[in-house]
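Chemist: Got a structure for you, written out below as structure tokens; questions coming shortly.
Throughout, read-outs are computed from the coordinates displayed, never taken from laboratory work. If you're wondering where the values come from, they're calculated on a predicted model, not measured in any experiment. In this analysis, Cβ positions are derived from the backbone assuming ideal geometry, glycine residues included, and neighbour counts consider all displayed protein chains.
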Amino acid sequence: MSDGAAAAPAERTLPARGSKGTVVVTTVASDSHTWNLVYLQLLIEELGYRVINLGPCVPDDLLVRECLETAPDLLVVSSVNGHGHQEGMRMIRRLREQPELAATPAVIGGKLGITDQADTLSEQLAEAGFDAVFPDDADPVIAFRSFVDVLESSARTAGSRALPEPRITA
Ligand code: B12
């Protein structure tokens, strides 16, 4: 840089692609799978949102920092390596401890455990603070799209950050 101006990260200099708001897409700290994140980014962009995709293996501290900085309209956590339940519980508690993030809509989905107890795991994740849980044994993408629809219509009628009733899809 010859003029001494600091270059901002490319992601932050892009104009918002969608007009509806910003969605942070992330996984948990141990999870190195990436195609799930790419898939979700494309899906959410198609729904009209700007997406900040944090990529694989995101430590809790980094996620909290990013969410505090960007104040997303929705946080989407995806995990497929089998640790999503365990690490998602820890992650959402860390986020909800921050007053600024206490009401941020947050969902989690994917292959959340290594047993077939999706119902129990989903209930625990919802109790810990997720607004919706989309385990992979149902039709998570269809359920997610209708969650976003409800989120948008509640925001329109009740002001921003209005949430649908907590829900679990299994
Ligand atoms: C490719 C792959 C890898 C690649 C990843 C490369 C990369 N750059 O991503 C590599 C080889 C690195 C890899 C590593 C491992 N993998 Co792997 N991997 C796969 C594989 C074959 C495909 C995953 C994929 O890309 N799918 C395509 C994407 C688009 O689909 P998806 O991930 O299923 O996501 C969909 C849904 O889950 C859903 N979804 C996901 N998240 C969310 C979130 C929300 C909110 C919603 C609504 C929906 C949603 O929507 C997506 C689109 O339909 C799967 C098996 C399979 N056939 O699924 C195993 C699989 C995910 N891997 C598995 C495992 C165990 C591992 C390892 C732990 C293996 C090991 N012992 O080292 C490591 C992970 C290490 C780590 N630290 O995470 C297991 C997980 C088991 C479980 N959860 O019960 C699987 C299921 C294989 C198996 N049958 O055992 N893996």
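Chemist: How long is the gain from V38 to E127 if the chain were fully straight, where each residue apart is worth 0.36 nm and the alpha carbon distance is subtracted? Working shown, then result.
Modeler: On the way: separation 89, 0.36 × 89 = 32.04 nm, distance 2.77 nm.
This chain segment gains 29.3 nm when fully extended.
Chemist: Just name one of A132, M91, L54: the one whose Cα is farthest towards the positive end of the charge dipole of region 20-158 (beta-carbon charges, Lys/Arg +1, Asp/Glu -1).
Modeler: L54
Chemist: Could you list H33, H85 so that the one with the fewest beta carbons within 10 Å of its beta carbon is first and the one with the most is last?
Modeler: Going from sparsest to densest Cβ surroundings: H33, H85.
Chemist: What net charge do the residues around V77 carry, taking every other residue with its C-beta under 10 Å from that of V77, with Lys and Arg at +1 and Asp and Glu at -1?
Modeler: Result for the neighbourhood of V77: -2.
Chemist: Can you compute 3J(HN,Hα) from phi for each residue in region 31-39, using the Karplus curve 6.51 cos²θ - 1.76 cosθ + 1.60 with θ = phi - 60°, rounded to whole Hz and x for Gly and Pro?
Modeler: 8, 9, 6, 10, 5, 4, 6, 5, 4
Chemist: What number results when the radius of gyration of region 20-158, computed over Cα atoms, is divided by 2.2 N^0.38 Å?
Modeler: Cα Rg divided by the expected 2.2 N^0.38 Å: 0.95.
Chemist: Which FRET efficiency value, to the nearest 0.05, is calculated for T115 and L62 with the Förster distance at 30 angstrom and r the Cβ-Cβ distance?
Modeler: 0.55
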